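Chemist: Would you mind keeping the following structure in view while I ask a few things?
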Amino acid sequence: MKTALITGISGQDGSYLAELLLAKGYQVHGLIRRSSTFNTSRIQHLYQDPHTPNPRLSLTYGDLTDEGAVIRLVERIQPDEIYNLAAQSHVRVSFDSPGYTADVTARGTLNLLECIRHSGKRTRFYQASSSEMFGLVQETPQRETTPFYPRSPYAVSKMFAHWMTVNYREAYDIFACSGILFNHESPRRGETFVTRKITRAAARIKLGLEDVLYLGNLDARRDWGFAGDYVEAMWMMLQQDAPDDYVVATGETHTVRDFLDVTFDHLGLDWRKHVKIDPRYFRPTEVDLLLGDSTRAREKLGWAPRVRFQELAKMMADADLAAESRICKSEGRI
């Protein structure tokens, strides 16, 4: 039985990856941050019941910035694979908290790589790189060889982590891969991210719970895919004979306006009657266009996205409508 460590297991990607690895028979360990509120809702269903944890799933409180704690954890569980998904992952927030973003996203990755280097075990390492590293894009579509031009503290931190992964692979012969993932969404996406913000607001407007949605740049273009598809690519990378870096993307681009069109139309609404532009949601430096070329992943890994853009938006809208309806019924409002 293989053993895997997932940092950021309680996040969107971590929850889908944990599902995948458990289905493949792994022993899964997850690193989660201590919080004053429960932050494990995305993985709660992976327990057999609320009182009896899945024997192949173990959660440990910790922080990637605590190098000693990370070393002790890796020494204790001796993982065959490490998937580093933890980060301060909100681009807009990274402008407000650049130091914290760098500590977790950049230095945290270095701590893990150092653990592997000194462990003596041939642990395979996956680094969650980001299409945000391309920033002010130098070519379209973006591929593994496209120069980076980061436009946020988050993107700069991810670029540090990406090149550290490459450096440790080449300097110390570590099996280390980076997945340069373009935007990937799901019903488990955080509510502050624009896609989930749209689908949740649309559901609440449909139910008469609110009337206005405030957004920033509606013309930003992104390559949006389904997180459940993208975690399969992560696993595939660590099953290869040799490590490499891969762009993971759909190869299609759509605007925020397009996402509004599909979501609101699916729920029988006109977004133009409800959306207002708020300058607070504009970034100091905007990334206007991201479009990925995943040819290497398709040819070498045999990976391909299954969920298309419209299907993704409708999936998220349906999930939020169902969730908000359950809350309303439990409170006796409908």
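Chemist: Go through (1) at pLDDT below 95; (2) not assigned by TED's automatic domain parsing to the domain that holds Gly268 for Asn217 and report which single condition fails.
Modeler: Going through (1) at pLDDT below 95; (2) not assigned by TED's automatic domain parsing to the domain that holds Gly268 one by one, Asn217 breaks only (2).
Chemist: Still on this structure, please answer the following. Scan region 163-180 and tell me whether some residue there is touching a residue at least 24 places away in the same chain (Cβ under 8 Å) and within 28 Å of Lys276 (Cα to Cα).
Modeler: no
Chemist: Do you know which residues across region 9-46 are in a loop (DSSP other than H, G, I, E, B), at pLDDT below 90 and either small (Gly, Ala, Ser) or exposed (fewer than 11 other Cβ atoms within 10 Å of the Cβ) (or both)?
Modeler: Arg34, Ser35, Ser36, Thr37, Phe38
Chemist: Can you find, within region 173-188, the residue that is farthest from the chain's Cα centre (by Cα) among those that are of a type in the set (D, E, K, R) and surrounded by fewer than 24 Cβ atoms within 10 Å (Cβ to Cβ)?
Modeler: Once the filter is applied, the top-ranked residue is Asp173.
Chemist: I want to confirm something. Restricting to region 109-153 and keeping residues that are among the hydrophobic types (A, V, I, L, M, F, W, C) and part of a helix (DSSP H, G or I), which single residue is surrounded by the most Cβ atoms within 10 Å (Cβ to Cβ)?
Modeler: Taking the candidates together, the pick is Leu112.
Chemist: Out of region 6-20, which residues are within 17 Å of Asp80 (Cβ to Cβ) and touching a strand residue (DSSP E or B) at 6+ places or on another chain (Cβ under 7 Å)?
Modeler: Of everything in region 6-20, those that are within 17 Å of Asp80 (Cβ to Cβ) and touching a strand residue (DSSP E or B) at 6+ places or on another chain (Cβ under 7 Å) turn out to be Ile6, Thr7, Ile9, Leu17, Ala18.
Chemist: Is one or more of the residues making up region 154-161 of a type in the set (Gly, Ala, Ser), touching a Gly at 6+ places or on another chain (Cβ under 6 Å) and part of a helix (DSSP H, G or I)?
Modeler: There is at least one residue in region 154-161 that is of a type in the set (Gly, Ala, Ser), touching a Gly at 6+ places or on another chain (Cβ under 6 Å) and part of a helix (DSSP H, G or I).
Chemist: Tell me, which residue of region 67-92 that is more than 23 Å from Met234 (Cβ to Cβ) and in contact (Cβ under 8 Å) with a residue 12 or more places away in the chain is farthest from the chain's Cα centre (by Cα)?
Modeler: Glu75
Chemist: Is it the case that Tyr246 is in a strand (DSSP E or B), surrounded by fewer than 24 Cβ atoms within 10 Å (Cβ to Cβ) and touching a residue at least 12 places away in the same chain (Cβ under 8 Å)?
Modeler: Taking the combined requirement at face value, the residue does not satisfy it.
Chemist: Of all residues in region 47-92, count the ones that are more than 17 Å from Ala161 (Cβ to Cβ) and modelled with pLDDT under 85.
Modeler: So the answer is 10.
Yes/no matrix, rows are residues, columns are (1) of a type in the set (Asp, Glu); (2) in contact with a strand residue (DSSP E or B) (Cβ under 8 Å, 6 or more places away or on another chain); (3) closer than 24 Å to Ser294 by Cα:
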residue: Asp80; (1), (2), (3): yes, yes, no
residue: Ser94; (1), (2), (3): no, no, no
residue: Ala102; (1), (2), (3): no, no, no
residue: Ala128; (1), (2), (3): no, yes, yes
residue: Met133; (1), (2), (3): no, yes, yes
residue: Pro150; (1), (2), (3): no, no, yes
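The values are calculated or read from the model by the stated rules, or taken from the named source; none is laboratory data. If you're wondering where the values come from, they're calculated on a predicted model, not measured in any experiment. Ideal geometry is used to build each Cβ from the backbone, glycine not excepted, and the neighbour counts take in all protein chains shown.
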